[in-house]
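The structure under discussion appears below in the form of structure tokens.
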Amino acid sequence: MTYLYRQASTLEKQAIFELYRVVMSDYISHIWGWNEDWQTNDFSTHFNPEGITLVYKESELVAYSHIEIKDEQLYLRMIAIHPDQQRNGIGTKLLESLIASAKEQSKSIALEVFKINTEAKRLYEKYGFNVEGETAASYIMSL
């Protein structure tokens, strides 16, 4: 399968939010309940296309990653992959790109992963991330 990876633009905000909703709503509903207004506002607060890499399959947005720079580390805010496109290497490629970028910049990487998202946690552990702490709903991991 051929995927196109590129930086997001502000014009794609709604499409990115729609993918976020598809990927994350079950997890969030299970943990806290989905509040559309809160999710929309939180997404808008953190939306920065400069830190977002989009993944397209033909003309369809199928995944994205969102990285923020916090102090001297890169913070992985999100990797979201449409359920129909999972297990095709997209998450691996996005994560490997982030790790390479962190090495180039001599920065560490931090992230949070929902405790109920065991597959994502396994992927991060495979790449050497360690649990450094936790919240009620998430593991805090770093590399």
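The values are calculated or read from the model by the stated rules, or taken from the named source; none is laboratory data. A quick note: this is a predicted structure, and the numbers were derived from the prediction, not measured. FYI the Cβ positions are ideal-geometry reconstructions off the backbone, even for glycines, and counts take in every protein chain you see.
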Any hit, the stretch 84-92, residues being aliphatic (A, V, I, L, M) and either outside any strand (DSSP E or B) or under 14 Å from Ser142 (Cβ atoms) (or both): yes
Residue within the stretch 116-124 that is touching a His at 6+ places or on another chain (Cβ under 7 Å) and closer than 25 Å to Trp32 by Cβ present: yes
Flag if Glu58 is on the phi > 0 side of the Ramachandran plot, surrounded by fewer than 19 Cβ atoms within 10 Å (Cβ to Cβ), without any contact (Cβ under 8 Å) to a residue 60 or more places away in the chain and more than 16 Å from the chain's Cα centre (by Cα): yes
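So that you can scan it fast, the table gives a plain yes or no per residue for (1) touching a Cys at 6+ places or on another chain (Cβ under 9 Å); (2) modelled with pLDDT under 95; (3) of a type in the set (S, T, N, Q):
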| site | (1), (2), (3) |
| --- | --- |
| Met1 | no, yes, no |
| Glu12 | no, no, no |
| Asp37 | no, no, no |
| Thr53 | no, no, yes |
Search result, residues across the stretch 82-105 that are in contact (Cβ under 8 Å) with a residue 40 or more places away in the chain and either loosely packed, with under 12 Cβ neighbours inside 10 Å or at positive phi (or both): Pro83
Answer from His66, His82 - the residue that is touching a Lys or Arg at 6+ places or on another chain (Cβ under 7 Å), under 19 Å from Phe43 (Cβ atoms) and modelled with pLDDT of 95 or more: His66
Residue list for the stretch 93-138, restricted to those being outside any helix (DSSP H, G or I) and charged (D, E, K, R): Lys107, Glu112, Lys115, Glu132, Glu134
Meets criteria (under 26 Å from Glu58 (Cα atoms), loosely packed, with under 12 Cβ neighbours inside 10 Å and under 15 Å from the mean Cα position of the chain (by Cα)) for Gln7: yes
